[in-house]
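What follows is calculated from the coordinates using simple rules that are stated; it is not laboratory data. None of these values were measured; they are calculated from a predicted model. Here the Cβ positions follow ideal geometry from the backbone for every residue, glycine too, while neighbour counts run over all protein chains shown.
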Amino acid sequence: MELNSRIYVAGHRGMVGSAIVRQLEASGYSNIITRTRDELDLTNQQAVFEFFKTENIDQVYLAAAKVGGIVANNTYPADFIYENLMIQCNIIHAAHLANVQKLLFLGSSCIYPKLAPQPMEEAALLTGYLEPTNEPYAIAKIAGIKLCESYNRQYGRDYRSVMPTNLYGPNDNFHPENSHVIPALIRRFHEAKLNGDKEVVAWGSGKPMREFLYVDDMADASIYVMNLSCEEYKANTEPMLSHINVGTGIDCTIKELVETVAEIVGFKGDIKFDASKPDGAPRKLMDVTRLESLGWQYSNNLNKGLKASYNWFLENENCFRK
């Protein structure tokens, strides 16, 4: 794409969308189009259609989504499936109607079956039942992949999909109840340290294994995949299996993660695990062979990324108190 191409980043205030904007700007792209939720309701089909009709978009990064941890997914399943389906359907169809040829859809590793062989290859999609706690969200993300593939097959579009592992980093959601595991742990240990607490209780048994990717690496991978030539992308994917996993290919136990976060934050008390709380899938490790064969690898290991995330939290802590 030309540096002055009109690039729409949907979800630019979110963790992934904001990272994509930062990296596009750092790469010299000068015509990045964004809209806040107040300016454009992505669940409103007519509003989205009018936006695409008037803005002459050249390229779309679809990073907008309703996201949350286990508690949020269990509490608001209807919201998660409805809002994500509406956002994806509206943007992808409106992009097509406006003759936007290139679009990148960002999904999630939860698209894979709960008991998928590890590490999870792209071919594991739709081979088994999903993790029940986030099934509505996962089904919406699977639909997003299939939307992209269907518009490619029927209309010759170049709509691509990337499936990130668990992400963390600047602009993450640090809500005490609705956040994912890393921001939740950072905030919990930080507040425990400030309060002088002698103990912190972590949810679950600590035994499940998870993979984590720093969000700036995800943004870099997204731009990298978007800029692959059509020939290279098609040579490494299939029409009905076109998504690409994005991750590190390395995982750790939740217990190891909890202990690492506690050390980085500086919490000196005891850590206990509440095994009565849900663990989720026993393991979720991405097979990143496809992306590595295309020439991309991550830059930030877990320790480096966690330190950067905690520093960002400290710099923005007052925002979370409002």
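Once both axes come from the Cα atoms, what is the angle between helix 302-315 and the longest principal axis of the chain, in degrees from 0 to 90, rounded to 10? Value to nearest ten degrees: 90. Extending 7 Å from the Cα toward the beta-carbon at both residue 312 and residue 26 defines two label points whose distance is 1.1 nm.
Please build a GNM for the chain, connecting alpha carbons under 10 Å apart, and tell me which residue among 152, 245, 44 fluctuates the most. Sorting by GNM fluctuation, first place goes to 44.
Legend: translational diffusion of the chain by Stokes-Einstein, Rh = Kirkwood radius over C-alpha pairs, 25 °C, 0.890 mPa s; D = 121 µm²/s.
With the highest mean first, a sort of the peptides 124-131, 159-166, 32-39 on other beta-carbon atoms found within 10 angstrom per residue produces 159-166, 124-131, 32-39.
Axis angle, to the nearest 10 degrees, between helix 215-226 and the longest C-alpha principal axis of the chain: 20 degrees. For the pair residue 75 and residue 123, label points projected 7 Å from Cα toward Cβ lie 4.1 nm apart. Name all residues of the stretch 263-303 having a backbone nitrogen under 18 Å from the label point set 7 Å from the Cα of residue 199 along its Cα→Cβ direction, giving them as ranges. Residues 267-277 qualify, since their backbone N sits under 18 Å from the label point. Relative to the longest principal axis of the Cα atoms of the chain, the long axis of helix 181-195 lies at roughly 40 degrees. With contacts taken as Cα pairs under 8 Å at a separation of at least 6 residues, the chain carries a relative contact order of 20 percent.
The stretch between residue 150 and residue 38, if pulled fully straight at 0.36 nm per residue, gains 37.3 nm over its current Cα-Cα span.
Seen from residue 169, the other residues with C-beta closer than 10 Å to its C-beta sum to a net charge of -3, counting Lys and Arg as +1 and Asp and Glu as -1. Among DSSP bridges having both ends in the chain, what percentage is antiparallel? Round to the nearest 5. Rounded to the nearest five, the antiparallel share is 10 percent. From most to least packed by mean Cβ count within 10 Å, the peptides 8-17, 305-314 give 8-17, 305-314. Within straight-line reach of residue 272, meaning a Cα separation under 21 Å, sit the following lysines at least 8 residues removed in sequence or on another chain: 193, 198, 207, 255.
Shown is the FRET efficiency for residue 99 and residue 241, computed with R0 = 41 Å from the Cβ-Cβ distance and rounded to the nearest 0.05: 0.95.
Against the compact-protein benchmark of 2.2 N^0.38 Å, the Cα-based radius of gyration of the stretch 131-271 scales to 1.32. Derived value for the stretch 48-162: Kirkwood hydrodynamic radius 14.8 Å. Basis is the mean of 1/r over every pair of different alpha-carbon atoms. Among 52, 80, 212, the residue with the largest mean-square fluctuation in a Gaussian network model of the chain, with springs joining Cα atoms closer than 10 Å, is 52.
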